[in-house]
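The values are calculated or read from the model by the stated rules, or taken from the named source; none is laboratory data. Remember, predicted model here, so these are calculated numbers, not experimental data. Reconstructed Cβ throughout: ideal geometry from the backbone, glycine too, with neighbour counts over all protein chains shown. To get the accessible areas, we keep the full protein, side chains included, count just its heavy atoms, and leave off ligands, DNA and RNA. Shrake-Rupley method; radii C 1.70, N 1.55, O 1.52, S 1.80 Å.
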Amino acid sequence: MHPEHAQLQADRIYLGWQYVLLHRDPGPPPKRPSPGEAPEPEALDAEWVRRERMREDLLNRPVKIFRTFMALLALLIFGLGVTELMSWSFAAIGLVAAGGVAVICTYAIHQGHKAVRHRAREQQARHDRARAERDKELFRAQEEHARRYREWQERKDRFDRQVSWYAVAVPDEIDRIDVAGGTLPGWSALVTLIGATRLYSGGHLTVLDLSEGAIAKDLIELATRGGDDPLVWVLPVDLPRLDLGATLSAEAFADVLAHVVSVSEEHRTSRDLSFDNAILERVLEVLGENATINQVTAALRALAQVGDPRDDLRYGLITADQLERIGTLFGRGVSDRVVIERAWALESQLRKLETLGSEAVRLPPARLRVVSMDRQAGVFGNRVLGTYVATALTHILRQSPASERPWYHTIIVAGAEKLRGDVLDRLMDACETSRTGLVLTYRSLTPTVRERLGRGHAAVAFMRLGNAEDARVASEHVGTEHRLELAQLTETISAAVDGIDGAYISTVGNTDDAEETPETPPAGLKEDITESTEWGRAASKAMGETERVLHRSREFLVEPHQLQQLPTTSVIVTDATAEGRRVRLADANPAILTFPKTTLGELEDIREALLRIPEQEAEPEIEIEPDPVPPNLGPPPARLDWRRRR
């Protein structure tokens, strides 16, 4: 599989991207050899020739003088012979002797000049040979440079074209993802990434935001731009329009309410829960089917003897017959004081849910549903509301058939440390049984969280941990021997997004059944992220200002102080494989998908693929265009029904 063939896969849960350079920077190109760098061979020097000739002249001077003398002597003898002052016999002998000596001297002088010319020619020949050898060496050096430059160019092309961001995903066989630590911007990035890839691969998503930080705001905008119509409930304002739990039976509804009451009583046992559950079941039996929360609280007030029951009779919350039956549920007398106290406690907790479903409207189906807590509401009230939503979802999942495709429906609970341990356990079990994907994010590692972190077939992810003790626990869980590579671009973009602006806007307050929103054809995921998310806009701006840091990174060991300084979007993902437990550092910034050198393939898969293809085809241009809905996903499972059974 080539990197550009990597597509969004429905059987992968994407948690971020890992920065890895398989090909290192080859550095500057090799320097071209220059003729001026090689030493120039010495040319034939005219001064040297002049000096040689002068030396030869100095050596031949005595010979020349002697030759001149012998030539003059021959002329004298010839003159004496002509004037007959000397007989020609003696003159002939003198001429032959003097002339012969002069000729011999002339020959010697000629040989000396010839030797000088020979040495000059030899010197010129050596110069020519040296120049030819130098030219030959320069030619060989240029050929070697051309070969090295071609190799450098190939390495440079591979380096420039290589993928630098690889998807970090876990298979859908994983039942749950536990995210420990992190900031609200970091959670926003992670939730946007997980939600976007789930929605664009054809799935459904429910977000229970207990963080009060509007972390799914970017995801909502992204889903809207992609053609979906998300449903957003902002509690407690939208509590009257929340129909979650409308399909629950009386027994299940009593169980949900019993867990809601226990939210403020951390040390309550299963026996205490069963006692509250028994009270609520008996009250619901008296009230009959379709009982609302305000009817339940009215019955509990009557049971606890709180207030004047005639007010509830006047408002039609209970009938006289029901009031009489409630009064005899547990007998009369001082022995029922325990029941009265628990009924009073139940009423004081459940009255925060009195408006639940009182104005429920018929809502169109939506692939993205977000239930959030208003940060302006009380802390305790939000815990009650969050526990109700989580427990009601648990019962709906328990009644739903197992999905044919894991993670088709995904639930994200942000701020899960605010839920009781038994509520989390029941939600985990229900999701595992129904093959519903579950993502839990914890702001801190409380004892309750530590007991459940990574339990079962779950992947664990660690984000920035501000608390020193939490960082120590996380480093021990991951292992301090791991050396991870952190891209400087991650630090740069994380610093550019300091917080989350804005809040949720309810979409269920003004729903018109008769009006249908026209469908918008989904655009590409990359374009949607760039246009509709804060991360996409921040990445576009940072990329234009930080070109010089695109290929910079640093390594660090998994130590507590390093975990406390992680960038906002950094995620250390640990999961178990057939080869053992693997640890990877990812960047959960969804905008990385828009980078030109990002692939949806995982590093191990790409590395194996590159080993199986020819080297010249190993680094093609990267072109990521994920499919909005991958083919061959099979029939979708039945949609979860939020309404309480009538």
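Highest average first, the peptides 464-471, 196-203, 145-152 ordered by how many other beta carbon atoms sit within 10 Å of their residues are 196-203, 464-471, 145-152. May I ask which of LYS418/LYS597; LYS156/LYS217; LYS31/LYS526; LYS418/LYS526; LYS31/LYS597 have a Cα-Cα span longer than 32 Å here? Over 32 Å apart, Cα to Cα: LYS418/LYS597; LYS156/LYS217; LYS31/LYS526; LYS418/LYS526. Between the C-alpha center of the range 210-235 and that of the range 580-608 there is a gap of 25 Å. Kindly identify the range 343-404 as rounded, prolate or oblate by the Cα gyration tensor criterion: order the square roots of the eigenvalues as a ≥ b ≥ c, call it rounded if a/c is under 1.5, otherwise compare a/b with b/c, prolate if a/b is larger, else oblate. Prolate. 3J(HN,Hα) along the range 392-403: 5, 4, 4, 5, 5, 5, 5, 8, 8, x, 5, 6 Hz, from the Karplus curve 6.51 cos²θ - 1.76 cosθ + 1.60 with θ = phi - 60°, whole Hz, x for Gly and Pro. Using bins of 5 Å that start at zero, the share of Cα-Cα pairs per bin across the range 191-266 amounts to 3, 12, 18, 18, 18, 14, 11, 5, 1, in whole %.
Taking only protein heavy atoms and a 1.4 Å probe, the accessible area of the range 432-506 is 46% carbon and sulfur. The share of accessible area on the range 127-168 that comes from carbon and sulfur is 49 percent, using a 1.4 angstrom probe. Quick check for you: which residues of the range 165-186 have the amide N under 17 Å from the point 7 Å beyond the Cα of ARG455 toward its beta carbon? Residues passing the 17 Å test: 175-180. Maximal additional length on extending the ALA402-ARG140 stretch stands at 87.0 nm, based on 0.36 nm per residue less the C-alpha distance. Between beta-carbons, use under 13 Å as the cut-off and find the net charge around MET54, counting Lys and Arg +1, Asp and Glu -1. Once positives and negatives cancel, what remains is +1.
The protection proxy used here, the mean number of other Cβ atoms lying within 10 Å of each residue, ranks peptides 226-235, 91-100 as follows, highest first: 226-235, 91-100. The Cα center of the range 70-118 and the Cα center of the range 358-430 differ in position by 135 Å. Positive-end ranking of VAL234, ALA223, TYR200 along the dipole of the range 191-249, with charges on Cβ about the Cα centre, is headed by TYR200. For a straight C-alpha distance cut-off of 20 angstrom, the lysines reachable from LYS64 (same-chain residues fewer than eight places away being disregarded) are LYS114.
Label-to-label distance for ASP157 and GLU579 is 3.0 nm, based on points extended 7 Å past Cα in the beta-carbon direction.
Note on LEU58 and GLU84: their simple-model spin labels are 5.3 nm apart, each label 7 Å out from Cα toward Cβ.
At 20 °C and 1.002 mPa s, grab the translational diffusion coefficient of the range 364-478 from Stokes-Einstein with a Kirkwood Rh over Cα pairs, rounded to a whole number in µm² per second.
Stokes-Einstein gives a translational diffusion coefficient of 138 µm²/s.
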